[in-house]
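A.B. asks: Would you mind keeping the following structure in view while I ask a few things?
The values are calculated or read from the model by the stated rules, or taken from the named source; none is laboratory data. If you're wondering where the values come from, they're calculated on a predicted model, not measured in any experiment. Every residue, glycine among them, receives a Cβ derived from its backbone with ideal geometry; neighbour counts consider all protein chains shown. Just so you know, the surface numbers come from the protein's heavy atoms only, side chains and all, with ligands and any DNA or RNA stripped out. Shrake-Rupley method; radii C 1.70, N 1.55, O 1.52, S 1.80 Å.
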Amino acid sequence: MDEEFRSLVDRLRDEAAGSAAYGLLVAVDDDEVLARVLVEPGRPLWAREIAAFRLGCAGDRRAFEALVLLLNHRDPERCVSAAHALARLDDPRTPRAAAALATNALRTAYALHPVRLLTTLRAPEAVPALVTTLQRPPSARWGWAIPRGRCRRRCRRGSPNRIRS
């Protein structure tokens, strides 16, 4: 069990609340069982996340859509797991999907993990997306990119919270 999968399993244990399906999804070796979890109605998010992660890390492209949805999730831990699995999936659609998520102006606050995935993939599609995302004015960029109150340079007016152009 690699470190990313161990982290995923530990994080989702409480969310699964002792469900028997949790133990099955963590231990099963049959990709068909995992693929059915992705399409069966009524499955909880944690079950779909485990199935998509395991299929993605195994290179099964049936996990692509679920992983992209998880990459766009508000919960950063879900995004990290999805980005890890997408990087290992080696699907040619991944760079384009990550670029679309990274450049979506309405989801700027959630662009961190798609941007990190683009840098990991080193695909040609990444360059325009990264340039577009990084050209946004600092106020529109991510909260993680410029920690408030910790700017190393002061702007012309002397405020530590502004960046000099």
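A.B. asks: Suppose we keep only residues that are surrounded by fewer than 16 Cβ atoms within 10 Å (Cβ to Cβ) and not small (Gly, Ala, Ser) within the range 32-42. Which one would you say is farthest from His84 (Cα to Cα)?
C.D. replies: Pro41
A.B. asks: Turning to a different aspect of this structure: Across the range 72-114, what is the total count of residues that are touching a helix residue (DSSP H, G or I) at 6+ places or on another chain (Cβ under 9 Å) and within 23 Å of Arg11 (Cα to Cα)?
C.D. replies: Qualifying residue count for the region: 22.
A.B. asks: Just give me the residues in the range 106-121 being over 16 Å from Glu49 (Cβ atoms), part of a helix (DSSP H, G or I) and touching a residue at least 12 places away in the same chain (Cβ under 8 Å), in sequence order.
C.D. replies: Correct list: Arg107, Thr108, Ala109, Tyr110, Leu112, Pro114, Val115, Arg116, Leu117, Leu118, Thr120, Leu121.
A.B. asks: Report whether or not Pro128 is outside any helix (DSSP H, G or I), surrounded by fewer than 17 Cβ atoms within 10 Å (Cβ to Cβ) and at pLDDT 85 or above.
C.D. replies: Numbers: outside any helix (DSSP H, G or I): no; surrounded by fewer than 17 Cβ atoms within 10 Å (Cβ to Cβ): yes; at pLDDT 85 or above: yes.
Spelling it out, it is not the case that Pro128 is outside any helix (DSSP H, G or I), surrounded by fewer than 17 Cβ atoms within 10 Å (Cβ to Cβ) and at pLDDT 85 or above.
A.B. asks: Right, Arg122: surrounded by fewer than 17 Cβ atoms within 10 Å (Cβ to Cβ) and at pLDDT 85 or above or not?
C.D. replies: Details: surrounded by fewer than 17 Cβ atoms within 10 Å (Cβ to Cβ): yes; at pLDDT 85 or above: yes.
Yes: the conditions hold for Arg122.
A.B. asks: Within the set of pairs 6 or more residues apart or between chains, which connect a residue that is within 17 Å of Asn104 (Cβ to Cβ) inside the range 68-82 to a residue that is open to solvent by 10 Å² or more (accessible area, probe 1.4 Å) and of a type in the set (Lys, Arg) with Cβ atoms less than 6 Å apart?
C.D. replies: Between residues of the range 68-82 that are within 17 Å of Asn104 (Cβ to Cβ) and residues that are open to solvent by 10 Å² or more (accessible area, probe 1.4 Å) and of a type in the set (Lys, Arg), the close pairs are Leu70/Arg78.
A.B. asks: Kindly check whether there is at least one residue in the range 45-58 that is in contact with a Lys or Arg (Cβ under 9 Å, 6 or more places away or on another chain), touching a residue at least 12 places away in the same chain (Cβ under 8 Å) and of a type in the set (Lys, Arg).
C.D. replies: No, every residue in the range 45-58 fails to be in contact with a Lys or Arg (Cβ under 9 Å, 6 or more places away or on another chain), touching a residue at least 12 places away in the same chain (Cβ under 8 Å) and of a type in the set (Lys, Arg).
A.B. asks: Which residues, counting only those in the range 60-117, are surrounded by fewer than 16 Cβ atoms within 10 Å (Cβ to Cβ), small (Gly, Ala, Ser) and touching a Pro at 6+ places or on another chain (Cβ under 9 Å)?
C.D. replies: Ala100
A.B. asks: Same structure again: In the range 1-22, what residues are surrounded by 12 or more Cβ atoms within 10 Å (Cβ to Cβ) and either of a type outside the set (S, T, N, Q) or within 20 Å of the chain's Cα centre (by Cα) (or both)?
C.D. replies: If we filter the range 1-22 for residues that are surrounded by 12 or more Cβ atoms within 10 Å (Cβ to Cβ), which is where we start, we get 4-5, 7-9, 11-13, 15-16, 19, 21-22.
Residues satisfying the conditions are Glu4, Phe5, Ser7, Leu8, Val9, Arg11, Leu12, Arg13, Glu15, Ala16, Ala21, Tyr22.
A.B. asks: Output the number of the condition that Ile50 fails; it satisfies all remaining conditions of (1) crowded, with 19+ Cβ neighbours inside 10 Å; (2) touching a Cys at 6+ places or on another chain (Cβ under 9 Å).
C.D. replies: Among (1) crowded, with 19+ Cβ neighbours inside 10 Å; (2) touching a Cys at 6+ places or on another chain (Cβ under 9 Å), Ile50 violates only (2).
A.B. asks: Another question, if that's okay. Pick from the range 81-119 the residues that are hydrophobic (A, V, I, L, M, F, W, C) and in contact with a Ser or Thr (Cβ under 8 Å, 6 or more places away or on another chain): which of them is modelled with the lowest pLDDT?
C.D. replies: Ala111
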